[in-house]
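The values are calculated or read from the model by the stated rules, or taken from the named source; none is laboratory data. Please read all numbers here as calculations on a predicted model, not as lab measurements. Here the Cβ is made from the backbone with ideal geometry for all residues, glycine too, and neighbour counts use every protein chain on show. For the accessible areas, the whole protein counts, side chains as well, though only heavy atoms, and no ligand, DNA or RNA atoms are used. Shrake-Rupley method; radii C 1.70, N 1.55, O 1.52, S 1.80 Å.
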Amino acid sequence: MRVVVAPDSFGGTLSARAAAGAIAEGWSRAVPDARIDRLPLADGGTGFVDVLQERLGGTLHEPQVTGPFGDPVTAPWLQVGTTAYIESAAACGLHHVPRERRTPEVAGRVTTRGVGELLRAARAAGCTEAVIGLGGSATTDGGSGMLAALGAAPLDASGAELPPGGADLARCVRLSGTPDVGMTLVAAADVDNPLLGPHGAAAVFGPQKGADEATVAALDAALAAWAGVLAGATGRDVRDEPAAGAAGGLGAALLALGARRESGAGLVRRLLGLDEALDAVAAEGGLAITGEGSFDWQSLRGKLITAVAGAAAERGVPCVVLAGQVSVGRREAAAAGVDAAYSASEHAGGVEASMADPAGTLAALAEHVAHRWGGSPASR
């Protein structure tokens, strides 16, 4: 049989490339004669640049930029012709913040400034278009740090520049200047959340960044004030637009600057040839395998698994999910085009056991699943 293995990264434990390798290894142990096409993917979050560079080539730049706490971090970006592919998480991702620092005090003090520095670097390299992958951020600053790096810092009523982060945006009354971008912008988002409210940046993503209930409320109010400033400065009120809440509101700042929104998973699907790979699988009656660290309700809101499952369903190809943890019910999974979902932690006997050897655990799960799915349809 022919199998396409097209996972996302696994929550900081395995890159998409490593996850694809582990699944392929385990599947091959159970079905040695299987033809396995590895196609590691991303949806705009962590691993966006890595999977694009593997397939598209181009020039990988590795500058140091301002990290979420103001310290320098190395943030790779990819240049293909005159297009820059920028992974916002490389500059301000949650992986830069140790778990012990994900506290209410810190949640409103981290910045997207490094993303603006990456945009400046891309412009200096001669790029005329920048595709910014959104997802996996540690920030909730509405993109104010990015704008500050582009010459438009948030100011209070006295004209003083506000501290980094989203906590003080409630005091923002104007910007220090007009943002200097000089490129066409594309916001590649892995979610469709608005900026504000119960489905917004602070409420949905703030808790995983350390925000408690009071901090979420304060950040949401600060982002509401920030949305008004953005609208006044750019002439675009984006607070209710899909993906405005992506990457802690970084999506809102990009949309206000005129960025075109595109599904991160859809963009990667197109650029990396997922449809062509699935066509080959369909012709041989094969199977699609995808996965990520946690297959949960957020996975069903425009993230990678739904893109792979949807593309597979269009061709009548069964789609199986292998994930670190699974909390999506069978009915919801089936509605998204997923035929079955399997949990590595459940197979290993617990989260701690599965995390001890993430690649080995995932390979063992793939081997187990292959015994069921690697034979004829009647054997399933």
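Output the peptides 357-363, 367-373 sorted from most to least packed, where packing is the average of other Cβ atoms within 10 Å over each peptide's residues.
Ranked from most to least packed, the peptides come out as 357-363, 367-373.
Hey, for a label at residue 161 modelled as a point 7 Å past Cα toward Cβ, could you say which residues of the range 103-120 have their backbone N under 13 Å away?
It comes to 113-114, 117, nothing else.
Span-like helices, the chain: DSSP H, alpha-carbon axial extent 24 Å or more, mean Kyte-Doolittle 0.0 or greater, which ones?
TM-like helix candidates: 213-234.
Considering only protein heavy atoms and a 1.4 Å probe, what is the carbon-and-sulfur percentage of the accessible area of the range 247-316?
Its accessible area is 48 percent carbon and sulfur atoms.
Taking the dipole about the Cα centre of the chain, with the C-beta of Lys and Arg at +1 and of Asp and Glu at -1, give me whichever of 94, 257, 115 is farthest to the positive side.
Result: 257.
Roughly how big is the range 112-232's charge dipole about its Cα centre, with Cβ charges of +1 (Lys, Arg) and -1 (Asp, Glu), in debye to the nearest 20?
My answer is approximately 280 debye.
Would you mind getting me the FRET efficiency between residue 356 and residue 199? Use the beta-carbon distance for r and R0 = 41 Å, nearest 0.05.
0.70
Tally the DSSP beta bridges in the chain and give the antiparallel ones as a percent, rounded to 5.
The antiparallel fraction comes to roughly 35 percent.
Hey, quick one: spin label on residue 180, modelled 7 Å out along Cα-Cβ, who in the range 242-271 has an amide N within reach, i.e. under 16 Å?
Answer for this model: none.
Please report how far the C-alpha centroid of the range 178-225 lies from that of the range 23-79, rounded to the nearest whole angstrom.
For the range 178-225 versus the range 23-79, the Cα centre distance is 25 Å.
Starting from the Cα-Cα distance between residue 54 and residue 82, subtract it from 0.36 nm times their residue separation and give me the gain in nm to one decimal.
Stretched fully, the residue 54-residue 82 segment lengthens by 8.3 nm.
Run the simple label-point estimate for residue 372 and residue 173 please: 7 Å along Cα→C-beta, distance reported in nm.
So the two model labels end up 6.3 nm from each other.
Could you work out what % of the accessible surface of the range 152-228 is carbon and sulfur, using a 1.4 angstrom probe and leaving DNA, RNA and ligands out of the count?
55 percent
For residue 236 and residue 315 in one chain, what is 0.36 nm times their gap in residues minus the Cα-Cα distance, to one decimal in nm?
Between residue 236 and residue 315, full extension yields an extra 24.5 nm.
Give me the percent relative contact order of the chain, please, defined on Cα pairs under 8 angstrom at least 6 residues apart.
Computed value for the chain: 19 percent relative contact order.
Assigning unit charges at the beta carbon (Lys, Arg +1; Asp, Glu -1) and nothing else, what dipole magnitude in debye, to the nearest 20, does the range 209-279 show about its Cα centre?
Dipole of the range 209-279, to the nearest 20 debye: 260 debye.
Can you tell me the accessible area per residue over the range 309-355, all protein chains present, probe 1.4 angstrom, in square angstrom?
It amounts to 51 Å² per residue over the range 309-355.
Just how large is the dipole of the chain about the Cα centre, in debye to the nearest 20, putting +1 at every Lys and Arg Cβ and -1 at every Asp and Glu Cβ?
So the magnitude is around 280 debye.
By average Cβ neighbour count within 10 Å, what is the ranking of 24-35, 221-232 from highest down?
221-232, 24-35
Take each of the peptides 111-119, 148-156, average the number of other beta-carbon atoms within 10 Å over its residues, and list them starting from the highest.
Highest-to-lowest ranking by the protection proxy: 111-119, 148-156.
Work from the charge dipole of the chain (Cβ charges, +1 for Lys and Arg, -1 for Asp and Glu, about the Cα centre) and give the residue of 65, 218, 341 farthest towards its positive end.
341
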